[in-house]
Amino acid sequence: AQSVTQPDIHITVSEGASLELRCNYSYGATPYLFWYVQSPGQGLQLLLKYFSGDTLVQGIKGFEAEFKRSQSSFNLRKPSVHWSDAAEYFCAVAAGNNNDMRFGAGTRLTVKP
Amino acid sequence: KAGVTQTPRYLIKTRGQQVTLSCSPISGHRSVSWYQQTPGQGLQFLFEYFSETQRNKGNFPGRFSGRQFSNSRSEMNVSTLELGDSALYLCASSLNSRELVGGTQYFGPGTRLTVL
């Protein structure tokens, strides 16, 4: 079965600095990959998704992610972080032949003024 | 268009009781999925309903059940509550079942269940 690892539990960056959140997946075939963001007390909002094609995916709020098959990674990036980006970020993987979506443990992002 | 709504937002129950949570998907969406979120286990898939039929089920005991009505609204029931059932229960809707894998799921704000 597919699985997801987010190695960083908590990351702190200064406002205006660049951001990269790591995500590694395990799945035999090409997976469907997602990044979600969850603000306190809220549900999850989809930032971006990768199914096939261009390995660099653009999402909402200025986020992008790059699929690297050789590294089994799907890291999320943003060139300049805003204070409102402070939240928990989840990477998820879904297999192509079933509807079981697996989430990573999440990375909590703190933004320093 | 209104988003996914979940009621109630907060719930406190005692061990042994049962609870029913409700989820109203986005208008026109026919698939509803339920997830349990806890600090220890993270986000775990419970089940998906599409057109009033359970399509997929995660690895949860039979105490967790659900149903979907003809208007796509869904309910989740947990019987004989245990302390470990304390969690945020999230509901997500999508246009159709195939979209669970390939499309966009829209999440509700969740129901925070506390079992004492």
Query raised in the report: To the nearest 20 debye, what is the magnitude of the charge dipole of the protein assembly as shown about its Cα centre, counting +1 on the Cβ of each Lys and Arg and -1 on the Cβ of each Asp and Glu?
Result: 300
Query raised in the report: Got a sec? Charge dipole of the protein assembly as shown, +1 on Cβ for Lys and Arg, -1 for Asp and Glu; which of B:GLN6, B:GLN37, A:MET101 is way out at the positive end?
Result: B:GLN6
Query raised in the report: Reachable lysines from A:LYS49, Cα under 20 Å, same-chain residues fewer than 8 places away excluded?
Result: A:LYS61, A:LYS68, A:LYS78
Query raised in the report: Mean projection of the alpha-carbon convex hull of chain B over all orientations, in nm²?
Result: 6.6
Requested in this report: Give me the percent of the accessible area of chain B that comes from carbon and sulfur atoms, probe 1.4 Å, all protein chains in place.
Outcome: 47
Query raised in the report: Total Å² of accessible surface buried at the A-B contact, 1.4 Å probe, nearest 100?
Result: 1500
**Report entry** Under 13 Å from B:LYS13, Cα to Cα: aspartates and glutamates that are on another chain or at least 8 residues apart
**Finding:** B:GLU82, B:ASP85
Query raised in the report: So which aspartates and glutamates pass the test for B:LYS57, namely a Cα distance under 12 Å, with those fewer than 8 places away in the same chain ruled out?
Result: A:ASP100, B:GLU48
Query raised in the report: How many nm is it between the label spots at A:ASP8 and A:SER84, if each spot is 7 Å from the Cα in line with the beta carbon?
Result: 2.2
Report summary line: Per the rule of 0.36 nm per residue minus the C-alpha distance, extending A:ALA17 to A:ILE60 adds in nm 13.7 nm
Query raised in the report: So, in nm, how far is label B:GLN18 from label B:ASN77 when the simple model puts each one 7 Å beyond its Cα toward the Cβ?
Result: 0.4
Report task. Let me know the charge dipole size of region B:18-84 about its Cα centre in debye, to the nearest 20, where only the beta-carbon of Lys, Arg (+1) and Asp, Glu (-1) is charged. Result -> 120
Report task. Could you work out the local net charge near B:ARG73, counting Lys and Arg as +1, Asp and Glu as -1, over the other residues with Cβ closer than 15 Å to its Cβ? Result -> -1
Report task. In a Gaussian network model over chain A where Cα atoms closer than 10 Å are linked, find which of A:ALA86, A:ALA94, A:ALA29 has the largest mean-square fluctuation. Result -> A:ALA29
Query raised in the report: Which one of B:THR80, B:PRO25, B:LEU113 has its Cα pushed farthest toward the positive end of the charge dipole of chain B, where Lys and Arg give +1 and Asp and Glu give -1 at the Cβ?
Result: B:PRO25
**Report entry** Overall Cα dimensions of region B:3-62 - principal axes, largest extent first, Å
**Finding:** 36, 25, 21
Query - Residue-normalised accessible area of the protein assembly as shown, given per residue in Å² at a 1.4 Å probe - result: 47
Requested in this report: Largest first and to the nearest Å, give the Cα extent of the protein assembly as shown along each principal axis.
Outcome: 48, 38, 35
Query raised in the report: Could you give the semi-axes, largest first, of the ellipsoid that matches chain A, computed as the square roots of 5 times the alpha carbon gyration tensor eigenvalues and rounded to whole Å?
Result: 24, 14, 12
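The values are calculated or read from the model by the stated rules, or taken from the named source; none is laboratory data. Source: prediction; values computed, not measured. Note that each Cβ is placed from the backbone with ideal geometry, even for glycine, and that neighbours are counted across all protein chains shown. For accessibility, only protein heavy atoms count, side chains too; no ligands or nucleic acids. Shrake-Rupley method; radii C 1.70, N 1.55, O 1.52, S 1.80 Å.
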